[in-house]
Amino acid sequence: MAPLRKAVTILSIAAFFSEHIKAVPIDGPYEPIPPTTLDLSYQFPEFSDIDAPTCTTVDSAMNLENGLIDKRYRWKEFNVQPDPAYNQREYKLINDALFNLKKALPCIKFGIFPPNKKVKGDYVYVIKGKKNGCNSYVGRVGGKQTMNLQSPGCMTVGTIMHEMIHALGFYHEQSRPDRDNYVNILWKNIQPGMESNFNKYSTNKVTTFDVPYNYKSIMHYEGYAFSKNRQPTIVAKNGDKVGSVGKLQDTDILKLKRMYNCP
Ligand SMILES: [Zn+2]
């Protein structure tokens, strides 16, 4: 190929690519739309509590002196992109969970990027999978961060909100610094290797935002989480039943609002 012709070819290839890239704009994020059903805690009959894996978290602040009191883990805009493997019904459940959180936390923008589309900024990429469990990083990591919501098993509005609240910056209710005033952890009943899921975090790292402990918090484990012997692993000191009922409690909303300085 003659040098001039070669140069023209290279230029036109470059022009094609730059035009092509420009032709694929970032799509979204779109605001979650109002759910079509009024009962947001609905479960689907094919899922039972027994099938639902217990939530584990990934500690994004593990190696830092300060944890989630630190504002750098917070979001200005909370955007998610679901895996294209989710079907329409599952996509809608993710939408509904985000819509609920948006109502609880009106000063933060919530958005969904359509699957398979180009995205920008900090966002949570939600992976479907069959055996990857329900888990999330705690707080904003920066750029793309993953969350696992296996199906079946994790696809209820309550469980999705629970994982999203981890990503917004909260650990489990039973990890609060003051939890020993409210619950006993029965270490002898916990599956070996799973003890770290019952860690308590110090006041250097997390704060209760002066919100009372709530056994029904959407962030509270159920009483038999990670049991090795069908005996309870967490019991309330006052005899109450412990564990999320799949709904945001007033205390959950208050903690979110205080973390994000939301009136
Ligand atoms: Zn969790």
Calculate what fraction, in whole %, of the accessible area of the stretch 129-263 sits on carbon and sulfur atoms when a 1.4 Å probe is rolled over the protein chains.
48 percent
When you take every Cα atom in the stretch 186-263, what is the radius of gyration, and what is Dmax, the widest Cα pair distance, in Å?
14.2, 45
Where the Cα atoms of the stretch 73-118 are projected onto their three principal axes, how long is each span, largest first, in whole Å?
30, 22, 14
Euclidean distance of C-alpha centroids, the stretch 67-96 and the stretch 155-201, integer Å
20 Å
Amide H neighbours of GLY223 under 5 Å, counting only residues 5+ apart in sequence or on other chains, H built in-plane at 1.01 Å?
VAL242
Top to bottom by accessible area (1.4 Å), largest first, where do CYS262, CYS107 land?
CYS107, CYS262
Can you give the accessible area of MET259, probe radius 1.4 Å, in Å² rounded to 10?
10 Å²
Given R₀ = 41 Å, what would the calculated FRET efficiency be for ASN238 paired with LYS131, taking r from the Cβ atoms and rounding to 0.05?
0.65
Along the stretch 157-162, what does the Karplus equation 6.51 cos²θ - 1.76 cosθ + 1.60 (θ = phi - 60°) give for ³J(HN,Hα), rounded to whole Hz, x for Gly and Pro?
4, x, 5, 5, 4, 4
Residues whose built amide H sits under 5 Å from the amide H of GLN81, excluding neighbours closer than 5 in sequence, are PHE113, VAL124, TYR125, VAL126
At a Förster distance of 22 Å, what's the computed FRET efficiency of TYR30 paired with ASP210, Cβ-Cβ distance as r, to 0.05?
0.05
Cα gyration tensor of the stretch 72-177, axes a ≥ b ≥ c as square roots of the eigenvalues: rounded (a/c below 1.5), prolate (a/b > b/c) or oblate?
rounded
Classify the stretch 123-234 as rounded, prolate or oblate from the Cα gyration tensor: take a ≥ b ≥ c as the square roots of its eigenvalues, call it rounded if a/c is under 1.5, otherwise prolate when a/b beats b/c and oblate if not.
oblate
Whole-number accessible area per residue in Å² for the stretch 117-263, which is evaluated in the context of all protein chains at 1.4 Å
45 Å²
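The values are calculated or read from the model by the stated rules, or taken from the named source; none is laboratory data. What you are looking at is a predicted structure, and each value in this text was computed from that prediction instead of being measured. Note: ideal-geometry Cβ built from the backbone for every residue, glycine included; neighbour counts use all protein chains shown. Ligands, DNA and RNA are stripped out before the accessible areas are found, and what is left, the full protein with its side chains, is counted by its heavy atoms. Shrake-Rupley method; radii C 1.70, N 1.55, O 1.52, S 1.80 Å.
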